[in-house]
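Enquirer: Take this structure, written in structure tokens, and hold onto it; I'll ask about it next.
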Amino acid sequence: MIEAVGLTKRYGAKTAVHNLSFQVRPGTVTGFLGPNGSGKSTTMRMILGLDQPTAGHVTIGGHPFRELPNAPRQVGALLDAKAVHGGRSARNHLLSLAQLAGIPARRVDEVLGVVGLQQVAKQRSKGFSLGMGQRLGIAAALLGDPQVLLFDEPVNGLDPEGILWVRNLMKQLAAEGRTVFVSSHLMSEMALTAEHLIVIGRGQLLADMSVTDFISHNSADFARVRTPGTEPAQREKLTAALTEAGGQVLPEPDGALRVTGLPLPRISDVAHGADVRLWELSPHQASLEEAYMRLTQGAVDYRSTNDQKAGLQPAMPPGYAPPPVIPDVPQQGWYAPPPPGQNPYAAAPQAPAPHPGGPAPVPQAPAQQPVAPPAAQQPPVPQAPQPPAAPPAPQAPATPAAPTKPEDTR
Amino acid sequence: MTTPYQQQPHVPQAPGRQLGTYTSPIAVRRATFGDALASEWTKIRSVRSTMWTLGVLILLLVGLGLLIGFVVRSQDGHIGDTPVLSLGFYGVLLGLLCVITLGVLTISSEYGTGMIRTTLTACPSRGRILAAKSVVFFLLTFVIVAIATTLVAVVQASLVRNAPTPSGGEWLRATLGISLYVAMVGLLSLAVGALIRHSAGSITVMIGVVLLPLVLALFMFTDSLSGVREFLLNYSIPSQLGAFYGATVSDSGPSGWDPLWIMTGITAVALGGAFLSLNSRDV
């Protein structure tokens with residue numbers, strides 16, 4: 001049992017961890033999630049007494065780590081796979097730790113067997129791959145056969161077989177009644193391994209709940225509905241009918257509709273009542289990754305930008321126009337529908353062809369159709385919203401108006 | 001999105017599963033200081049840098065000592081009033097640099113590699129780690145230097161026969177005394193390594209401490225600085241080494257066993273600082 005109360009760590013003016021309180025219980029794998037720089041490793045170091053908290057305290061089994069009787073027999077930790085002296089062999093590294101903790105030397109060979117490093121036990125750990133380093137770190141954590149285990153990013157650099165092994169190991173250790181606290185960036189891995197989650201962002205607690213609760217709290221499930229791509233009018237008809245029936249409808253970039261607020265059978269009934277055929281009606285359950293992204297959107301410290309290579313490109317020949325920027329799918333609200341009234345699609349229809357001052361996307365759709373054929377004649381500029389397979393023939397009557405529209409030639 | 005999550009009261013665990021019931025089948029025994037000594041011995045013997053620095057140390061002590069002995073003998077062995085055992089001084093001065101390096105590396109390599117976090121997770125008592133490292137390093141260095149200097153002293157005394165026979169006290173100081181002193185300087189390096197936590201930085205500081213006072217003194221020509229010059233000449237580490245052989249630059253400096261007490265005091269202060277720093281700082 002790990003218990004943190006009001007844990008705070010400041011480095012000068014920067015607050016790495018702020019007033020963090022949580023409990024990690026025995027018998028389950030508890031996942032510790034957060035974006036880069038959110039304070040996960042700092043928290044782990046404070047649990048292990050390596051860093052002194054600025055305020056608050058953290059105890060393991062009721063004692064601060066540094067006051068634990070027989071600490072190495074009660075707590076095992078993998079903090080950093082590279083935290084070994086590279087010049088020492090794997091076996092000597094573990095032997096020195098075992099001697100320090102008063103653990104019999106034959107235990108070293110046991111844990112080497114558990115992590116599968118017997119063959120390289122005599123080699124210097126400098127030559128180890130990241131995955132082998134992780135295995136050595138896990139061996140060190142298991143050395144004292146402790147009741148509380150902390151792992152910081154244990155699957156980093158492991159091969160698929162190793163990831164599966166770590167997953168089963170964590171579950172098995174927890175099933176034996178131990179406290180297992182694992183940090184990771186790999187959401188899919190956490191979804192499979194952990195039962196309970198502690199999520200922090202910018203050093204503050206964002207969530208402390210079971211994985212299933214976390215997903216249902218932080219995401220909305222929706223249904224994906226696709227009408228025949230050849231008959232755009234049907235899509236508009238269905239959108240109107242579903243909205244009338246109380247659902248919220250969002251167009252997806254590829255022409256499908258994302259429907260929330262209506263159960264699947266009801267959607268089917270509404271479509272039947274509106275005399276609209278469906279090509280797809282599928283439930284979509286949010287994954288842990290989507291729920292996590294949605295929760296931590298505001299707490300990400302390090303964001304990537306596009307590499308512009310400004311000033312490094314050769315000068316453009318005269319008369320050359322830079323390729324038009326393809327409007328991307330809006331990232332906001334991509335992982336799950338935003339709350340009602342904040343629909344980014346409705347506010348600024350970016351995915352369909354921009355129509356300044358045009359009507360709302362729903363009535364606009366018929367007018368978009370003439371746009372598609374000229375766009376298809378410009379291969380480098382794929383028009384994302386239109387299904388590429390849409391045959392131009394049925395739209396032929398409407399095309400004559402298209403070439404005269406200046407805003408279409410983006 | 002960033003509003004702190006409101007913590008909900010925890011749902012009690014399902015009945016039937018007891019909390020924290022895992023007990024290891026391996027017999028639990030409290031770790032002792034002896035365990036820490038064994039661990040530090042494993043650490044120090046299992047890295048190549050130890051073998052290299054100690055190898056070079058032995059080479060310098062024995063090689064240079066024998067070489068000088070043979071050179072003096074080939075010159076008819078006339079060294080006048082100079083005590084014959086002082087011929088071992090040159091090897092010891094150069095070997096001191098190896099001892100400094102090993103002393104610093106004993107602790108700073110743990111910081112450089114991050115191993116210190118693994119070590120302190122396996123043993124939360126930081127004072128025990130520092131003490132075990134100090135004891136293991138000091139004994140190892142002392143034993144090696146003592147054997148090498150004794151060997152060199154015996155060979156030199158037998159090679160150079162025209163010089164006065166050394167007394168028992170001179171023998172003791174040139175072997176046991178000098179070994180204790182060299183190991184103590186190594187221990188000071190270990191303390192400096194624990195304070196600075198960086199190998200290259202600590203080694204540079206220690207080499208500066210050993211060599212620079214003498215160099216500074218050489219360039220102090222002004223009369224007004226003569227007091228400082230005198231002090232630096234008397235108390236620089238090479239001068240203190242010379243005092244063990246009775247071969248000092250001037251007669252006013254430390255003599256006999258004095259340098260050992262001086263160095264022990266400095267090292268004790270540095271180790272105390274290292275202990276306080278290790279206990280209070282984050283690693």
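The values are calculated or read from the model by the stated rules, or taken from the named source; none is laboratory data. Bear in mind the structure is a predicted one, so any value in this text is a computation, not a measurement. Note that each Cβ is placed from the backbone with ideal geometry, even for glycine, and that neighbours are counted across all protein chains shown.
Enquirer: Can residue A:76 be described as closer than 27 Å to residue A:186 by Cβ and in contact with a strand residue (DSSP E or B) (Cβ under 8 Å, 6 or more places away or on another chain)?
Expert: When the stated conditions are applied, residue A:76 passes them.
Enquirer: Out of A:117, A:50, report the one residue that is within 7 Å of chain B (Cβ to nearest Cβ) and either at pLDDT 95 or above or surrounded by 15 or more Cβ atoms within 10 Å (Cβ to Cβ) (or both).
Expert: Being within 7 Å of chain B (Cβ to nearest Cβ) and either at pLDDT 95 or above or surrounded by 15 or more Cβ atoms within 10 Å (Cβ to Cβ) (or both) holds for just one of A:117, A:50, which is A:50.
Enquirer: A further question follows. Can you name the residue in region A:282-297 that is modelled with pLDDT of 80 or more and away from chain B (no Cβ under 14 Å) and, of all such residues, is surrounded by the most Cβ atoms within 10 Å (Cβ to Cβ)?
Expert: Taking the candidates together, the pick is A:284.
Enquirer: With the condition kept exactly as written, say whether any residue in region A:325-339 is at pLDDT below 85, crowded, with 16+ Cβ neighbours inside 10 Å and either in a helix (DSSP H, G or I) or in contact with a His (Cβ under 9 Å, 6 or more places away or on another chain) (or both).
Expert: So far as region A:325-339 goes, no, none of its residues is at pLDDT below 85, crowded, with 16+ Cβ neighbours inside 10 Å and either in a helix (DSSP H, G or I) or in contact with a His (Cβ under 9 Å, 6 or more places away or on another chain) (or both).
Enquirer: Within region B:91-120, work out how many residues are touching a residue at least 24 places away in the same chain (Cβ under 8 Å) and within 18 Å of the chain's Cα centre (by Cα).
Expert: 20
Enquirer: Can you tell me which residue in region A:206-237 is nearest to residue A:299 (Cα to Cα), limited to those that are part of a strand (DSSP E or B) and under 16 Å from the mean Cα position of the chain (by Cα)?
Expert: A:206
Enquirer: Quick check on residue A:31: is it closer than 21 Å to residue A:206 by Cβ and either away from every other protein chain (no Cβ under 11 Å) or over 27 Å from the mean Cα position of the chain (by Cα) (or both)?
Expert: Criteria met by residue A:31.
Enquirer: Might you let me know whether region A:170-183 holds any residue that is in a strand (DSSP E or B), surrounded by fewer than 22 Cβ atoms within 10 Å (Cβ to Cβ) and free of Cβ contacts under 8 Å to residues at least 40 places away in the same chain?
Expert: no
Enquirer: In region A:2-18, what residues are crowded, with 16+ Cβ neighbours inside 10 Å and within 12 Å of chain B (Cβ to nearest Cβ)?
Expert: Of everything in region A:2-18, those that are crowded, with 16+ Cβ neighbours inside 10 Å and within 12 Å of chain B (Cβ to nearest Cβ) turn out to be A:2, A:3, A:4, A:9, A:16, A:18.
Enquirer: Here's another thing I want to ask about it. Being crowded, with 20+ Cβ neighbours inside 10 Å and touching a residue at least 24 places away in the same chain (Cβ under 8 Å) is true for just one of B:146, B:153. Which residue is that?
Expert: Criteria check complete, one pass: B:153.
One line per residue, one yes/no per condition, for (1) part of a loop (DSSP other than H, G, I, E, B); (2) at pLDDT 95 or above; (3) out of contact with any Cys (no Cβ under 8 Å at 6 or more places or on another chain):
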site	(1), (2), (3)
B:190	no, yes, yes
B:193	no, yes, yes
B:232	no, no, yes
B:238	no, no, yes
B:244	no, no, yes
B:250	yes, no, yes
B:267	no, yes, yes
B:272	no, yes, yes
B:279	no, no, yes
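Enquirer: I'd like to verify a number: residues in region A:184-205 that are closer than 18 Å to residue A:17 by Cβ and part of a strand (DSSP E or B), how many?
Expert: 7
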